[in-house]
Amino acid sequence: MFLVTEQHLRVLAEMRPLPRQFADLVRAISSVDRRTLALTLRGLERDGLLRRDRSIITREHDAYTLTRRGFELAIHARARSIERSVISA
């Protein structure tokens, strides 16, 4: 069992079935600073929701992929994000 925060949901909602690099996520989630994003990704990896493929170049090039469990939660996070945008419109 794990605790999913609003920050976790925001990151999961930005994930796609394809791998995403750290730098791509930084650009996609501009409201989150780099350190917080790195900690959030580390927590999601620890909880088995993401898998990180390490780059030999730099950490910026590490690729993150959703696990099956992460994909299921990402679907819920995206639905929640869409629901919020419809309600606020």
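The values are calculated or read from the model by the stated rules, or taken from the named source; none is laboratory data. This is a predicted model, so every value here is computed, not measured. Don't worry about glycine lacking a Cβ; one is built from the backbone with ideal geometry, like all the others, and counts go over all protein chains shown.
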Pairs, please: C-beta under 8 Å, at least 6 apart or cross-chain, first residue of a type in the set (Val, Ile, Thr) and in the stretch 60-89, second modelled with pLDDT of 80 or more and loosely packed, with under 13 Cβ neighbours inside 10 Å? THR65/LEU18; THR65/ASP53; THR67/GLY48
Can we say SER81 is modelled with pLDDT of 80 or more, hydroxyl-bearing (Ser, Thr, Tyr), surrounded by fewer than 18 Cβ atoms within 10 Å (Cβ to Cβ) and under 14 Å from the mean Cα position of the chain (by Cα)? no
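In the stretch 10-29, how many residues are β-branched (Val, Ile, Thr) and touching a residue at least 60 places away in the same chain (Cβ under 8 Å)?
Result for the stretch 10-29: 0.
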Go through (1) over 12 Å from the mean Cα position of the chain (by Cα); (2) modelled with pLDDT of 85 or more for THR58 and report which single condition fails. (2)
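Sort out which residues of the stretch 17-29 are outside any helix (DSSP H, G or I) and either among the β-branched types (Val, Ile, Thr) or exposed (fewer than 11 other Cβ atoms within 10 Å of the Cβ) (or both), and write them in order of number. Break it down stepwise before answering.
The initial filter retains those residues of the stretch 17-29 that are outside any helix (DSSP H, G or I), namely 17-21, 29.
Scanning the stretch 17-29 gives PRO17, LEU18, ILE29.
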So ALA23, is it at pLDDT below 85 and not β-branched (Val, Ile, Thr): no
Please identify the pairs in which a residue from the stretch 30-59 that is within 15 Å of PRO19 (Cβ to Cβ) and in a loop (DSSP other than H, G, I, E, B) has its Cβ atom under 7 Å from the Cβ atom of a residue that is of a type in the set (Ser, Thr, Tyr) and modelled with pLDDT of 90 or more, counting only partners at least 6 apart or on another chain. LEU49/THR67
